[in-house]
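Worksheet: one structure, shown below.
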Amino acid sequence: MVTYEEFKKLDIRVAKVILAEDHPNADRLYVLKIDTGVDTRTIVAGIKNFYKKEEPLDKNIVVITNLEPAMIRGVESNGMLLAASDENGICVLMPDRNPAVGSKVS
């Protein structure tokens, strides 16, 4: 179980995808450049089997911004895109309206 105090440590924000590229060393990953409202950063996301490269472009997504950087197949990822998964695959969490980039999710 996670306490509310532990949950509050996560910095979950709305970010905008400004670039999507194939990962150079992985068939199922994209390298996304995102605008968090505070900075521009790179994240690696395992959504390639479910989204064409152009689909997330200019879309608002939900990301955790304060995770430790992770090296994923040779590319540093500085955040985590949030998605739901079920028997039909992966669905990236995207706000149904366009809140300001950088808006905190609570």
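Quick note: the coordinates plus some simple rules give every number you see, no bench work behind them. The model shown is predicted, which means the values in this text are computed figures rather than measured ones. Here the Cβ is made from the backbone with ideal geometry for all residues, glycine too, and neighbour counts use every protein chain on show.
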### Query
At 222 nm, what helix-only mean residue ellipticity would the chain give, in deg cm²/dmol to the nearest 500, using -39500 (n - 2.57) for each DSSP H run of four or more?
-500 deg cm²/dmol
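Give me the net charge for the shell around VAL17: Cβ to Cβ below 15 angstrom, other residues only, Lys and Arg +1, Asp and Glu -1.
In short, +1.
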#### Entry: Net charge of Cβ neighbours under 14 Å - reference PRO95; Lys, Arg +1; Asp, Glu -1
+3
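Assuming 0.890 mPa s and 25 °C, estimate D for the stretch 16-92 with Stokes-Einstein, Rh taken as the Kirkwood radius over Cα pairs, in µm²/s.
196 µm²/s
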